[in-house]
Amino acid sequence: MLFIKNVKGIKSVTLHPAHILVLGFMALIFIGTCLFMIPAATRDRHHLSLIDALFEATSAVCVTGLAVVDTGTTFTLFGQIILLILIQLGGWGFITSGILMFIILGKKIGLKQRLLLQESLNTFSLQGIIKLVQRVIIITLIVEAIGAIVLSIRWSQEMGWGRAIYYGIFHSISAFNNAGFGLESDSLSKWVGDPTVNIVITALFILGGIGFYVVADVFEKRNFRKLSLHTKVTLFFTVVINVFSTVIIFGLEYNNPATLGELDLSDKWWAAYFQGVVPRTAGFNSIDIGQMTLSSQVYMMGLMFIGAASGSTAGGIKVTTFALLLLALAAVITNREDINIFERRVPSSLVSRALSIAVSGVIFIFVIFFLLTITEKGAEMSEIAFETVSAFGTVGMSAGLTMDLTPIGKILITIMMFIGRLGPLTMAFALAIHSKKKAKIRYAEEKILLG
């Protein structure tokens, strides 16, 4: 907790770490909004409206990728650099970015900052937290640099070196932070069957999506048996879901002439792979999302709701939450008391937390979806649902509704992106009124019927 002491009669205020995370992200979004409204940020020198600037800043800080304007043609170099900085700071989280400044300036990092870091990175303990932050920063810069170099070399074959290097840097930062912003109006569609672009971009957002804790754990131990249970569960379910999703998208879109139908077999697999793994993390696309079959879009909504790993740059309820709910369901069906995986027993208290995260996510999605059906009169229900879940999962893919949103619709999606980045449970904690008083009465227990 952070305490603000009495000053000249002002009452003391207690801030939960969740409150500080919310306020910190709001501060970053406010700064980004102001910068996007500077005329120098846009090519026509006419600044963005307040709502559009707020939307773009929120999408960047929350590393979502939804955009109400075309990034490549609307923003100047100055505006695009501001976008990249917001993406990087948002991907790290404002707490990690703040600790980086402490480290650079040689400032002492106290217990309060360490507690905030623990909440921000969603780690188990305070032990080694500063070392983890240092690894997060180093790993990020190394991976982004490697991605930028490879992409620059590839794109130099079809554009000048200067433009290729800039494209490489921009897309590498955007991909690793799971932001999904691109400089082409059709995202990565022109490279739908390009092995280099597909492999590099997906490797970047998968690495960013599995979480800094997992990357550091793998780097340090380099032996699957020695990895933590969290890392094992994250890696196992990530691989299973990605492989399964690739096959599903390939099957559902195989004969669709607007997506995979006109591609040769090799390009079909590359497109299916890309669109199979991207919904849980980043908002790029190599085929037209709006032209995909309804069944594919519904399946992708499920992937966006699940999201990537805890402690990563992605949103959703997180893959470990989904895995734990599946394991809990299996335990109930088989009448087992314990939840076991990889020869370890998962505490039952985590099941309640996982259920709380999933239910709060469903509630937030339903409320925003319901309100959007009121504000977006001409839109299809499937488009509204896709947009809402995409914002919640901070994925950034759209079925074509984003640029046609009403002003109120933009505000609602902005709120949804903010909730998705912080996490539904964190937002619920921040909105709740915390009482220091403990209940003095415990009522008699009585069962209710379920199912």
Kindly identify region 198-249 as rounded, prolate or oblate by the Cα gyration tensor criterion: order the square roots of the eigenvalues as a ≥ b ≥ c, call it rounded if a/c is under 1.5, otherwise compare a/b with b/c, prolate if a/b is larger, else oblate. oblate
When the chain is fully extended, how far beyond the present Cα-Cα distance does residue 220 get from residue 31, taking 0.36 nm per residue of separation? 64.4 nm
In debye, nearest 20, what is the charge dipole magnitude of region 160-279 about its Cα centre with +1 on Lys and Arg Cβ and -1 on Asp and Glu Cβ, if you could check? 640 debye
According to the square roots a ≥ b ≥ c of the eigenvalues of the Cα gyration tensor, what is the shape class of region 283-324, taking rounded for a/c under 1.5, prolate for a/b larger than b/c otherwise, and oblate for the remainder? oblate
Could you grab the relative contact order for region 224-323? Cα pairs under 8 Å, six or more apart, rounded to a whole percent. 26 percent
Once you sort the root eigenvalues of the Cα gyration tensor of region 125-274 as a ≥ b ≥ c, which label holds: rounded (a/c under 1.5), prolate (a/b larger than b/c) or oblate (the other case)? oblate
Given Cβ point charges of +1 (Lys, Arg) and -1 (Asp, Glu) and nothing else, what value in debye, to the nearest 20, does the dipole of region 353-424 about its Cα centre take? 320 debye
Determine ³J(HN,Hα), in whole Hz, for all residues of region 133-142 in sequence, where each value follows from phi through the Karplus function 6.51 cos²θ - 1.76 cosθ + 1.60 and θ = phi - 60°; x replaces Gly and Pro. 4, 4, 5, 4, 5, 5, 4, 4, 5, 5
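So what is the relative contact order of region 328-396, in percent, for Cα pairs below 8 Å that sit 6 or more residues apart?
It rounds to 18 percent for region 328-396.
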Starting from the Cα of residue 264, step 7 Å along the direction of its Cβ; do the same at residue 73; then give the gap between the two resulting points in nm. 3.1 nm
With r as the distance between the Cβ atoms of residue 448 and residue 196 and R0 = 51 Å, compute the FRET efficiency 1/(1 + (r/R0)^6) and round to 0.05. 0.35
Give me the distance in nm between label points sitting 7 Å out from Cα along the Cα-to-Cβ direction at residue 50 and residue 141, one decimal. 3.9 nm
Once the piece of chain linking residue 408 and residue 344 is laid out straight, how much longer is it, given 0.36 nm per residue of separation minus the C-alpha distance between them? 18.3 nm
Using R₀ = 56 Å, calculate the FRET efficiency as 1/(1 + (r/R₀)^6) where r is the Cβ-Cβ separation of residue 158 and residue 337; round to 0.05. 0.40
Between region 33-70 and region 247-300, what is the separation of their alpha carbon centroids in Å? 29 Å
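Read-outs: derived from the displayed coordinates by stated rules, not from any lab. Please read these numbers as outputs of a predicted model, since none were measured by experiment. Using ideal geometry, Cβ is built from the backbone for each residue, glycine included, and neighbour counts are taken over all protein chains shown.
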